1. Could you list, in sequence order, the residues of region 455-484 that are modelled with pLDDT under 80, surrounded by 14 or more Cβ atoms within 10 Å (Cβ to Cβ) and in a strand (DSSP E or B)?
2. Could you tell me how many of the residues in region 153-186 are more than 30 Å from residue 270 (Cβ to Cβ), out of contact with any helix residue (DSSP H, G or I) (no Cβ under 9 Å at 6 or more places or on another chain) and at pLDDT 85 or above?
3. Considering only region 485-519, state which residues are not charged (D, E, K, R) and not in a strand (DSSP E or B).
4. So, of the residues in region 55-98 that are of a type in the set (D, E, K, R) and assigned to a loop (DSSP other than H, G, I, E, B), which turns out to be farthest from residue 152 (Cα to Cα)?
5. For residue 368, all conditions in the list (1) among the charged types (D, E, K, R); (2) surrounded by 17 or more Cβ atoms within 10 Å (Cβ to Cβ); (3) at pLDDT 95 or above hold save one; what is the number of the exception?
6. Confirm whether residue 400 is outside the structural domain of residue 262 (by TED's automatic domain parsing), within 30 Å of residue 299 (Cα to Cα), within 33 Å of the chain's Cα centre (by Cα) and modelled with pLDDT under 95.
7. Restricting attention to region 602-617, which residues are assigned to a strand (DSSP E or B) and charged (D, E, K, R)?
8. Take residue 831 and decide whether it is buried (at least 20 other Cβ atoms within 10 Å of the Cβ), among the aliphatic types (A, V, I, L, M) and either at pLDDT below 90 or closer than 30 Å to residue 686 by Cβ (or both).
Amino acid sequence: MSSSYNTFLRALAVTLTLGGGISGVAHAQTSPAATPGAEPQRYTLGGISISGARYLDSNTLIGLTGLKVGDPISIPGEEIGKAIRRLWDQGILGDVSVSIDHVEGSRIFLDFNLKERPRLSKFEFSGIGKGQADDLKNKIKLIRGKVVTDALLNNTKTQVRKFYTNKGFLDAKVSITQLPDSSLSNSVVLKINVDKGQKVRIHDIVFEGNEAFSDGKLKGKFKKTKEKKFPKLFNSGKFQRTEFEEDKKKLIDFYNSQGYRDATVVSDSLVRDDKGLVLNVRVDEGPKYYFRRITWNGNYLYDDKTLASVLAIQPGSVYSKETLDKRLNYNPTGQDVTSLYMNDGYLFFQIEPVETKVEGDSIDIEMRITEGVQARIKEINIAGNTKTSDHVVRRALYTLPGDKFSRENLIRSQREIATLGYFDPEKIGLNPVPNQADGTVDINYTVEEKPSDQITLSGGWGGYAGFIGTVGLVFNNFSLRKASSLRNWTPVPAGDGQRLALNVQANGLQYQAYSFSFTEPWLGGRKPNSFSFSLNKSIQRLGTNFDPETGQSIKVNSASVSLGRRLRWPDDYFTLSNSLSYSQYKLQNYNIFEGFTNGNANNFTFNTTLSRNSIDNPTFTRRGSSVSLSVNLTPPYSLFPGSHPNVNEWVEFHKWMFDASWFSPVVGKLVLNTRAHFGFIGSYNSSRQIGPFERFKLGGSGLGAGGASNFLVGTEYVGLRGYADPGSDDSAPIPTARSGSNGGVVYNKFVMEMRYPVSLNPAATVYVLSFAEAGNAFERYTDYNPYKLYRSAGFGARIFMSAFGLLGFDYGWGFDKVPIYTSGQNQQKGMFHFIIGQQIR
């Protein structure tokens with residue numbers, strides 16, 4: 001090859017644009033090979049070099065060209081164009097050109113000269129506030145050092161526009177300016193300019209083609225897509241396509257549930273006008289269908305009549321896929337066909353409803369059943385209990401290895417795990433893993449631990465000594481078994497489900513109280529027989545300068561022990577507990593009861609409580625009930641031979657308490673809670689006056705404000721929102737038969753609450769409520785009138801925090817006037833009530 005031709009080849013440079021075309025050809029001299037239409041020259045690629053790359057790896061770039069040493073190549077030819085396009089398609093280069101470095105015989109050496117795109121050093125927003133800028137930073141996720149490509153710029157604009165579109169700013173405009181960063185080479189600062197424009201909202205939703213249901217009815221089926229107009233002030237009016245698509249599905253589900261199985265959304269459109277957006281939705285309802293004949297095929301265990309009674313769909317009923325699916329597979333309010341089989345072990349049961357004939361507006365259904373074989377539980381696996389011992393979870397289960405599979409027992413086990421209080425009830429997982437080959441099933445439970453211990457630290461200013469302080473510790477998952485090893489004290493041994501509670505309260509020397517309690521829920525570890533005992537000591541001294549000889553004081557020492565067990569009849573939601581308690585009251589010049597100011601009073605009490613609890617979640621209950629009947633009995637001292645009816649040294653009473661609470665889901669997450677409460681206390685001897693112990697007082701949050709003495713004698717404080725706490729400065733306690741009342745001997749109360757959860761996070765479960773309630777307590781049985789009630793209504797909120805228990809407030813308005821005998825007036829007004837550590841009963 002001549003030297004002049006070699007000189008021409010070295011001078012040949014090819015620069016390609018984005019499309020890959022040739023933008024310029026340099027000629028060293030005139031040559032036939034370089035004239036238009038000249039034949040390509042064939043070479044063998046001898047080598048490839050990269051120039052201009054500062055941050056990118058040369059070997060990687062050579063690999064991206066698709067060219068390899070030894071490949072045949074034509075000059076001019078399409079191989080180089082393809083190589084440049086491959087590099088360009090990576091989006092990381094701003095310019096690419098190729099030149100011939102040199103030629104050695106038939107071998108040609110190419111050099112790819114590259115210009116890298118700049119890298120991102122930082123980015124900033126203009127036209128918006130800091131809060132929205134921070135939110136956008138988390139969404140667009142621009143990373144420092146990333147190559148600034150066209151795709152990155154376009155994606156950033158799209159994300160920013162989408163962010164504001166979802167907020168109703170449909171006209172938002174975004175532009176990005178690249179500014180060189182003088183502190184870093186080949187780096188730029190992106191300035192993202194945002195012009196939000198005016199917020200655009202839906203002011204009207206218009207339906208077309210609907211005849212069976214009104215526009216208002218159909219609008220109510222949209223859960224996220226709402227109009228923004230009076231009086232719907234709390235609707236956002238935002239239009240988001242993804243949420244609207246979900247709402248369209250809900251709309252069709254509604255039509256299907258009402259018999260319109262062929263209903264469809266034909267079209268939808270958004271129209272802008274001077275008020276904002278009008279959303280037009282056109283539907284085709286189709287005809288309304290009805291069930292006609294329902295037949296069964298493949299059923300051997302149960303006959304057609306039994307299955308039809310469980311299905312409970314009569315010929316002529318409106319055709320509803322929702323109702324059919326509920327009655328076949330899962331009916332939360334009753335039995336379904338699948339549970340009939342699965343509760344008897346038939347885990348492999350399958351049922352398929354098939355429409356066999358559609359005639360006019362009537363549909364025939366054939367239920368095709370595959371019963372399978374009974375499955376038995378093989379293994380139970382538990383995961384996620386990092387603190388709680390396996391045996392604590394296993395003993396709560398109703399699914400045991402070797403038992404027949406039961407869906408009912410599986411759901412019951414989930415409830416029992418939730419009621420332990422150690423795990424997040426919203427994250428309890430159930431996963432049956434069937435093995436049809438051997439007819440067994442493994443059940444995998446997954447849980448997530450949540451804090452269950454509680455600490456109470458509170459202080460205030462009042463009383464005789466000024467500062468009032470309380471320190472309380474409750475360990476709800478304590479382990480006495482692990483206490484012997486120091487390595488388990490982190491900070492206390494835990495995991496065995498025992499409960500240990502300590503509490504100290506003091507108001508200087510004037511009032512002090514100490515309490516200790518321990519509960520073992522599974523005494524012996526084999527059966528759910530609970531054992532608990534408690535010790536309490538308290539003392540109250542009246543006056544700031546207490547004289548040990550003449551001062552007024554009351555001291556109380558008490559202890560109790562109880563045993564409880566789960567019953568199997570009438571069902572295994574019932575429990576029976578019995579307890580014995582003793583309290584000693586030491587009085588010194590303390591007027592606790594007429595004619596009794598000095599000496600000791602002794603209180604031996606036997607308590608028995610029969611209760612049933614089927615609630616699904618103790619933190620935020622959606623369904624179930626809780627009912628209890630308790631009886632407190634002391635020995636009938638006044639009936640013993642030789643006893644005197646006015647002797648106060650031996651406390652005597654019989655006390656009956658009944659509490660019932662029902663939870664029912666209303667719609668969505670909204671839950672209705674209704675409650676009823678009754679209490680009675682009496683004496684065995686009609687000639688003996690009922691003592692001051694264990695009386696009832698209503699009002700306020702139920703925490704009481706009547707002084708420590710009322711707590712010492714066991715007064716039952718019953719909340720009645722909208723009215724003042726008993727003994728406060730605002731009103732006399734209920735009952736108010738006379739000033740200085742010891743409390744009632746009979747009371748009744750009725751409550752209705754609507755609850756809605758704001759957050760079900762186990763760290764802080766929050767729900768809001770509204771309530772209406774009524775109650776009263778009566779100082780004498782002759783005054784008792786179940787229809788004479790103090791009524792109130794209001795709203796409130798509750799927060800369950802793992803470390804502190806229950807916190808909440810209520811605002812209630814009492815509708816009835818309570819006599820205030822100290823001022824001779826009536827008081828009626830709204831009141832705030834604060835709740836700490838307990839629910840209002």
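The values are calculated or read from the model by the stated rules, or taken from the named source; none is laboratory data. If you're wondering where the values come from, they're calculated on a predicted model, not measured in any experiment. No Cβ is skipped: glycine too gets one built from the backbone with ideal geometry, and neighbour counts run over all protein chains shown.
1. 456, 468, 470
2. As a first pass, look at region 153-186 and keep what is more than 30 Å from residue 270 (Cβ to Cβ): 177-186.
Remaining after also requiring out of contact with any helix residue (DSSP H, G or I) (no Cβ under 9 Å at 6 or more places or on another chain): 177, 179-186.
Add one more test, that the residue is at pLDDT 85 or above, and what stays is 177, 179-180.
Going through region 153-186 one residue at a time, the tally reaches 3.
3. Listed by number, the residues that qualify are 485, 486, 488, 489, 490, 491, 492, 493, 495, 497, 508, 510.
4. So, considering only residues that are of a type in the set (D, E, K, R) and assigned to a loop (DSSP other than H, G, I, E, B), the one farthest from residue 152 (Cα to Cα) is 71.
5. For residue 368, the exception is condition (2).
6. On the way: outside the structural domain of residue 262 (by TED's automatic domain parsing): yes; within 30 Å of residue 299 (Cα to Cα): yes; within 33 Å of the chain's Cα centre (by Cα): yes; modelled with pLDDT under 95: yes.
The answer is yes for residue 400.
7. Of the residues in region 602-617, the ones assigned to a strand (DSSP E or B) are 602-613.
Correct list: 612 only.
8. Numbers: buried (at least 20 other Cβ atoms within 10 Å of the Cβ): yes; among the aliphatic types (A, V, I, L, M): yes; either at pLDDT below 90 or closer than 30 Å to residue 686 by Cβ (or both): yes.
Against the criterion (buried (at least 20 other Cβ atoms within 10 Å of the Cβ), among the aliphatic types (A, V, I, L, M) and either at pLDDT below 90 or closer than 30 Å to residue 686 by Cβ (or both)), residue 831 qualifies.
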